[in-house]
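Asks: Handing you a structure now.
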Amino acid sequence: MSIKHKSLYFQYQEYPFVEPPEMDGVPCQRSVTVVGAGPVGLVTALSLVRQGIEVTIIEDEATLNIGSRAAGASRRTLEILDSLGVNAALMEKGVAWSRGQTYYGDKLVLDFSIPASDDIKHPPMLNVQQCYVEKFILDELVKSPLATIMWSSVVKGVANQDDHVLIQVDTPSGAVRLKSDWLVACDGARSAVRGALGLNLEGTSYEGRYIIADVRLATDLPPGRRVWFDSPGNPGSTIILHRQPDNIWRIDYQLRDDEDSAQELKIERINSRIQSFLDAVGIEGPWEMDWFSLYRAHSLSLRDYWHGRVLFAGDSAHLVPIFGARGMNGGIDDAYNLAWKLAYVVKGLAPANLLTTYSEERRFAFSENIRNADKSTKVMAPPTRGDLLLRDAVLELAVEHEFVRPLLNPRQSQEIMLAGATLNDVDEMRDDKETVLGRVCPNVQISVRCAEGKTERRYLQDMLGEQFTLLVCTGAESPLIELQDTVHGLHIKTVRICRDSKHALENDIIDVDGAIADMLRLKPGDSILVRPDQHLMARWVKADASKISAALHRVATWK
């Protein structure tokens, strides 16, 4: 499959197809097969190989996805990719932002900011085209001998068996059947795997349509999310404008109900509408089109993300509206949640039933994402006449009245707290007003004792890893918890939060003012258990080895 798109900013590479041994009649049972080499499939594969699992990826194209597509990486996505070794390249390339403006016609009705802090490692949002995200993950993945990628290979059939799955694949060298212990479907909205199993997404599809275009334009307009309702140059509809790397600007504009999609997708029509908008808002200078597409909003999901030997993640499992950047970000969160659990099952460290917690937690995350995304969709692409009248009334009021402006909040993607997850264990401080279990361990700046008594500035998530981590708050009289590196076959790392710097050992977090302990609601002697995906799982007062062992035993024998 040759590369048809010539980008103005990205050098697409055509990856060669390499024949699998099955084509020569060599029997082979693969451990985990991932279908789809988009961001979700690549993160699934990279997370698994870092857990020591062999992975085969099947991708129907010969290159990475064309265009910006999912162009915004949330802070949680950046944390996940950081843990997988991908952060440096992303941060160097991406455009960080935390502010945005909303206009009604030419009047500013909302100037908002997403909470940000210099003490937190990552910005709230980073604009970076999906092709870059995929490239940086792929660059890291191919370093591992555990990863194999079958490019230009199309899944034509999937059959669940008792202890494996059979996958029929069409390749440039002919058809081949693969046998795999597990299959993870990350093959998008038109999932071939989902279709092969006869599964359907359920929910709501909206009528609103948007043209999405990437244009190269040199302008000093600062980064941020800008939205125009009843926009200049596009009256009666909405336009969204975002800066991306390489002087690429993402322009999303809404089609009115009376406009024909086929006519509006003609390049001369798109060029005319973009020029009209740029003229109306005073953005001057020559520009070039790089890529465009048509988008419709959906709120759809499978009822369950685990079917026999097949699991679903990302758009193959659920579709969310584009507004708020929850598509790729939610899918990457799926992958990170799934990978450690599937790795434990593959290695025999936990029963297959542990995968029920993946489906439970990510179905809950989908419902939370939809709860916010549907609100955004009713503003950005009102599905009914009543929604349109209400939205326009809010905009009219917002011109003069500040109290209604929060209704225009874009509700950008952020972490999902798994407060009610069944995997959460004991919380001996559950009378606290603020829920702690289920949240992601905050990635704040810390001081760590290094060799020769020196200290070094790091971030809290840097102290975690791909195993369970026990954070222990110590004081002058706090006894040490004696733990083995492996408990019930599960690796665990102990990190001390030391309130007394005089007694701090090498690799202890020094927390003399108590800020880190307070953030985690820990007092001297208390402990908190962090899952491999960085969610807080259990919290104890005066924890001992038996309590921690019981929590890990529960994971290792999940029913």
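What follows draws every value from the coordinates through simple rules; no lab data is involved. These figures come from a predicted structure and were not determined experimentally. Every residue, glycine as well, gets a Cβ built from its backbone with ideal geometry; the counts of neighbours run over all protein chains shown.
Asks: For segment 364-463, compute Rg over Rh where Rg is the Cα radius of gyration and Rh is the Kirkwood radius from the inverse mean 1/r over Cα pairs.
Replies: When Rh is taken as the Kirkwood radius, the ratio is 1.19.
Asks: Can you list residues from other chains, or at least 5 along the same chain, whose modelled amide H is less than 5 Å from the amide H of residue 493?
Replies: 468, 469, 470
Asks: Among 486-496, 161-171, how do they line up by average Cβ neighbours within 10 Å per residue, starting with the highest?
Replies: So the order, starting with the most tightly packed, is 486-496, 161-171.
Asks: May I pose another question? About the Cα centre of segment 298-412, how large is the charge dipole given +1 on each Lys and Arg Cβ and -1 on each Asp and Glu Cβ? Please answer in debye to the nearest 20.
Replies: Roughly 380 debye, rounded to the nearest 20.
Asks: Also, I was wondering about something else. Between segment 332-356 and segment 105-173, what's the alpha-carbon centroid distance in Å?
Replies: 19
Asks: Now a separate question. Between beta-carbons, use under 9 Å as the cut-off and find the net charge around residue 64, counting Lys and Arg +1, Asp and Glu -1.
Replies: Combined, the nearby Lys, Arg, Asp and Glu give -1.
Asks: Where nothing but the Cβ of Lys and Arg (+1) and of Asp and Glu (-1) is charged, how large is the charge dipole of the chain around its Cα centre, in debye to the nearest 20?
Replies: 540
Asks: Another question about this same structure. Just for segment 445-556, what percent of DSSP beta bridges are antiparallel, to the closest 5?
Replies: Among the beta bridges of segment 445-556, antiparallel pairing accounts for roughly 65 percent.
Asks: Next question, about the same structure. Using +1 at the Cβ of each Lys and Arg and -1 at the Cβ of each Asp and Glu in the chain, identify which of 327, 114, 219 lies farthest towards the dipole's positive end.
Replies: 327
Asks: Let me ask something else about it. For segment 445-556, with equal point scatterers placed on the C-alpha atoms only and solvent neglected, what are the log10 I(q)/I(0) values from the Debye formula at q = 0.15 1/Å, to two decimals?
Replies: Here log10 of I(q) over I(0) equals -0.60.
Asks: Return the Rg/Rh ratio of segment 102-250 with Cα-based radii and a Kirkwood Rh.
Replies: 1.08
Asks: For the chain, what proportion of DSSP beta bridges, expressed in % and rounded to the nearest 5, is antiparallel?
Replies: 70
Asks: Add -39500 (n - 2.57) for each DSSP H run of 4 or more in the chain, then divide by its residues: what number comes out at 222 nm, to the nearest 500 deg cm²/dmol?
Replies: Calculated at 222 nm, the ellipticity per residue is -8000 deg cm²/dmol.
Asks: Considering Cα pairs under 8 angstrom that are at least six residues apart, work out the relative contact order of segment 445-556 and quote it in whole percent.
Replies: Value for segment 445-556: 29 percent.
Asks: Kindly rank 365-377, 135-147, 14-26 from highest to lowest mean number of other beta carbons found within 10 Å of each residue.
Replies: 365-377, 135-147, 14-26
Asks: Still on this structure: To the nearest 0.05, how large is the calculated FRET efficiency for residue 403 and residue 161 if R₀ is 41 Å and r is the Cβ-Cβ distance?
Replies: 0.10
Asks: Could you compute the net charge surrounding residue 54? Neighbours are other residues with a C-beta less than 13 Å from the C-beta of residue 54; K and R count +1, D and E count -1.
Replies: +2
Asks: Which value in Å does the Kirkwood hydrodynamic radius of the chain take, with 1/r averaged over all unlike C-alpha pairs and then inverted?
Replies: 25.2
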